[in-house]
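Before any comments, here is the structure.
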Amino acid sequence: MRLGLSSIWLLCVSAVGEDRPLTALEKRFQESLNNVTLSGTFIEDGIAEVSEDRYVIERVSKSSGDTWKFQVRLEFNQKEMKISVPAEVKWAGDTPVIVLSNFPLPGAGMIDARIVLSNSRYAGTWMGKKHGGKMFGNVIKN
């Protein structure tokens, strides 16, 4: 009985820590987003004023299936936060689309976003409980 439980535990540990090989597109995606800053502008629906859009992505790693983990630093309400963001990455041909659904952003509530990345640029839409908008800018290596 003891050998059986030990074997099951070892199988679970090795399955969790198992590195799955990335496809060429996934490798390129990961390399292009490790240690970068997304820097641009965003607008809120119904408001003409543009605001600075800035996120530091420290590291990106694939979790499982289409889910990736983004280690992000951002400023919200004049306070810098470090958060881990699980998001799906879908592919439109060779173009990655980051899909964030019902993510609980501290201080902002639930956020949905769709962000397209292409040639060191990003563009997307975002939606919170009471407002939404659009964002766009450049992906800059740190």
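The values are calculated or read from the model by the stated rules, or taken from the named source; none is laboratory data. Remember, predicted model here, so these are calculated numbers, not experimental data. Positions of Cβ are generated from backbone atoms using ideal geometry, with glycine treated the same way; all protein chains shown enter the neighbour counts.
Residues in segment 82-125 that are of a type in the set (Gly, Ala, Ser), in contact (Cβ under 8 Å) with a residue 24 or more places away in the chain, more than 18 Å from Leu38 (Cα to Cα) and in a strand (DSSP E or B): Ala92 alone. The residues listed here are Pro96, Pro104; of these, the one that is more than 19 Å from Gly137 (Cα to Cα) and either touching a helix residue (DSSP H, G or I) at 6+ places or on another chain (Cβ under 9 Å) or modelled with pLDDT under 95 (or both) is Pro104.
Listed here are the residues, each with its yes/no results for (1) over 19 Å from Gly132 (Cα atoms); (2) loosely packed, with under 15 Cβ neighbours inside 10 Å; (3) polar (S, T, N, Q).
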site	(1), (2), (3)
Phe76	no, yes, no
Met81	yes, yes, no
Ser84	yes, yes, yes
Ile98	no, no, no
Pro106	no, yes, no
Gly109	no, yes, no
